[in-house]
Structure formats: C-alpha cells, structure tokens
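Okay, so here's the structure we're looking at.
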Amino acid sequence: MATEGAKRQPKYQRIADALRDAIQAGRYSPGDRLPGENDVMAEHGVARMTARQALGVLQSEGIAESRPGAGVFVRSFRPLRRQGIKRLARSQWGEGRSIWEVETGDRTLVVDKADVTEEPAPDRIAGVLGIAPGDAVCVRRRRFVLDGKPILLATSYLPASLVAGSAVTRKDTGPGGTYARLAELGAEPVHFREEVRSRMPSSAEADELELSAGTPVMLICRTAFAGEGRPVEVNEMTLDSASYILEYDFDA
C-alpha cells in the first residue's frame, strides 16, 4: 500500500522513482534504452508532459542521458570517486605522481584544453593570496576529460613573482604537477583548504561540461599553503555533479 508521502508525490516523480529502482535492481544495465515517452504514457496512463518530466528527472540526476533521435539510455559513465584527502598527500605529488592517479586507476584521463597566461589578480583572488588587487598572477585554465566525458573545469592562480620562469608557467608542469614544482621553488604546500558549494551552471559551463539539462555543478575552491601559512595557490574548480562522488576519509 502506498504511503501517505508517496501519494503526495507528483506522478512524474513516482514514475522516475520506479525507473530508478528498476535500474538499481539491474533490470536496465548501463547503455540500455529506457522506455520512451510513448511507453511511459501507455504503462502509467499519463500525459506526454508527465512522461517527459519523469525521464527528465533521471537525466538531471545523471542516471540517464538523451541521445537525439534514439531515446533515453542508462548512462554508462561511472562516476569518479574523488578522494579529497588522499589525493593531496605529499606521497603522491612529492614522488612525481599525478594526484589523479589515486582515483582514475586504469581509466583514461586527458586535459584536452589548457591555457596559461599572466593576468592582473581579481580582488577575490588577491585577498586569498595576500597580494594587492591587480598584482600579476599566473593563471592556469584546464578542462579534464575522463573516458571521453568532460568532468571538470579548473582555474589555478599563483603569484607571478613566485613562479616566473618556472615550469609552472608551462602547459605541462612535469612529474608531480604544480605542487612538485612549487616544492622546488621553496614553496612546498604543507596544508590545503577546500570549500565546497553547489549551484546551477552558467550556459558556458553547461556547454564546456556537456551537461544534461537540469544538472547542477559543484564548486570546489582549494587554497594551498606553504610554511607559516603562506598561500601559494588558489584553484577554482567546477565539477559535473553527476560525474563525481566526493569522498573524505579521516580518523576521528
């Protein structure tokens, strides 16, 4: 018997819940085509708009994806488990490994867009880095693609006075990445702070990340600190929320 709460749910939500349950039970596997609007209308006796809304819920949750002219399919992309503490350990970048190796395993990760420039520091960045607004910063903009799917946009800001002439100003910073290069400059990160929030994407972000309609993004702003609390990098990241599981594992 349906609960009182279930009765109060909109019809499209109840249909979406049933389809989600079927996916989780294995009735539909990754890559399988889900019932189309006509199928949902016939099975549940609802209008086309209700059927469309139900399928739209699964798309907005990242469970399903629409393929123009073909239908709606169970998403085959496996979310990336982002291990927020382990990935930043010095044992990773300090030994020449990418911080991504903790998470990606044998999956294919590429940076398909990268741009490095020197620009005046925006006020918000200058305030965190402890420099004057307008002072020069090295800006590193990248798009990360996992298994052919864009998952992350990242923009890093570092004081130009610190990294000028170093590998940090190149697209490929070498083994261990930016943090290994900062260590070579005498500014080894010893502490990190991450702030996480969520919102709907801008149209530009939705295009860059190839997001389904209604999919929010997660925003992570990480600050890296060298000794004595000296901030040496601010990294603003925009994540496809349907492509990530954020994991924080630490002792009590």
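The values are calculated or read from the model by the stated rules, or taken from the named source; none is laboratory data. Please read these numbers as outputs of a predicted model, since none were measured by experiment. Neighbour counts are summed over all protein chains in view; Cβ atoms, including those assigned to glycine, are modelled from backbone coordinates with ideal geometry. Remember, those area values only see protein heavy atoms, side chains included, never the ligands or the DNA or RNA. Shrake-Rupley method; radii C 1.70, N 1.55, O 1.52, S 1.80 Å.
The Cβ shell under 15 Å around E37 holds other residues with a net charge of +3, Lys and Arg each +1, Asp and Glu each -1. Sorted from greatest to least, the principal axis extents spanned by the alpha carbons of segment 108-252 come out as 43, 41, 31 Å.
In a reduced charge model with +1 at each Lys and Arg Cβ and -1 at each Asp and Glu Cβ, segment 48-126 shows a dipole moment near 540 debye about its Cα centre.
With the largest listed first and rounded to whole Å, the semi-axes of the equivalent ellipsoid of segment 6-137 from the Cα gyration tensor are 44, 21, 15. For segment 3-145, a crude dipole built from +1 on the beta carbon of Lys and Arg and -1 on the beta carbon of Asp and Glu, taken about the Cα centre, is about 280 debye to the nearest 20.
Counting Lys and Arg as +1 and Asp and Glu as -1 over every other residue whose Cβ lies under 13 Å from the Cβ of A206, the net charge comes to -4. For the chain, carbon and sulfur atoms together expose 49% of the accessible surface, with a 1.4 angstrom probe and every protein chain in place. For Y157, the shell of other residues with beta-carbons less than 14 Å away shows a net charge of -2, using +1 for Lys and Arg and -1 for Asp and Glu. Computed from Cα atoms alone, the Kirkwood hydrodynamic radius reported for segment 183-252 is 14.1 Å. The residue among S212, F225, Y244 whose Cα reaches farthest toward the positive pole of the charge dipole of segment 210-252, with charges on the beta-carbon of Lys, Arg, Asp and Glu, is F225. Across segment 1-149, Cα pairs under 8 Å and at least six residues apart give a relative contact order of 16 percent. When the inverse distances between all different Cα atoms of the chain are averaged and flipped, the Kirkwood radius reads 20.5 angstrom.
Only Lys, Arg, Asp and Glu carry charge here, each on its Cβ (+1 for the first two, -1 for the last two); on that basis the chain has a dipole of about 540 debye about its Cα centre. Please report the spacing between the Cα centers of segment 34-80 and segment 100-149 in Å, no decimals. Segment 34-80 and segment 100-149 have Cα centres separated by 35 Å.
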